[in-house]
Structure formats: C-alpha cells, structure tokens
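Chemist: Once you've had a glance at the structure underneath, I'll fire off some questions.
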Amino acid sequence: MNTEKLTTQGWRHAAPAHLLHWLMAVLIPAMLALGWTMMEVEDDPGSEVYFNLHKSLGLLLLLLLAARAAWRLGHRPA
C-alpha cells in the first residue's frame, strides 16, 4: 500500500515561472487592445506610434515565450 501523502495544492512553480506567466498574461490582452485601436486609427496622422509599439510589444512577447519555454524545459514543477 502506498503511504505517500497527496497534496491538495497540486504542482508548484518557481517564482521566475510565475513572473513570466503574469507578464505574458498582461501583454496578450494589451496587444489585442492595441491591435483593435490600430484598426481605428490606421489612416490618422501619428498612427505609426501605435504600429511601432505593437511591433515592439510583439517582439517582447516572443522573447518572453522563448524564455518561458526554456525555463519550463529545465525546471519541472515541484
């Protein structure tokens, strides 16, 4: 008979994994909102600021995704 105690909390991730998760969780809706705004102002003067910000945030999101995947491959939840 297995006498190991099962936890009710489940898996726990390290602080860097939580940070990467929440940064992405904030950036994804921000990117969607910015993309929606870009569709409304695409012909307005000065709209290139929105497009440049969208590109920059997209690259940041891509880097966070790569960092999160690399972290996950090297660190299993406890």
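Chemist: Of the listed values [x] 1.66; [y] 0.98; [z] 1.56, identify the label whose number matches Cα Rg over 2.2 N^0.38 Å calculated from this model.
Modeler: So the structure-derived entry is [x].
Chemist: Right, here's the next one. Helix 15-41 against the longest principal axis of the chain: what's the angle in degrees, Cα atoms only, rounded to the nearest 10?
Modeler: Once rounded, the angle reads 20 degrees.
Chemist: Can you tell me the FRET efficiency between V41 and L62 if r is taken as the Cβ-Cβ distance and R0 is 22 Å, rounded to the nearest 0.05?
Modeler: Given R0 = 22 Å and the Cβ-Cβ separation, E is 0.35.
Chemist: Can you give the angle from 0 to 90° between the axis of helix 48-74 and the longest principal axis of the chain, with both taken from C-alpha atoms, to the nearest 10?
Modeler: With both axes taken from Cα atoms, the answer is about 10 degrees.
Chemist: Sticking with this structure for a sec: Taking 0.36 nm per residue of separation and subtracting the Cα-Cα distance, what length does fully extending L19 through W71 add?
Modeler: Stretched fully, the L19-W71 segment lengthens by 17.6 nm.
Every number here is computed from the coordinates shown, using simple stated rules; none is lab data. As the structure is a prediction and not an experimental result, all values here were calculated from the model. In this analysis, Cβ positions are derived from the backbone assuming ideal geometry, glycine residues included, and neighbour counts consider all displayed protein chains.
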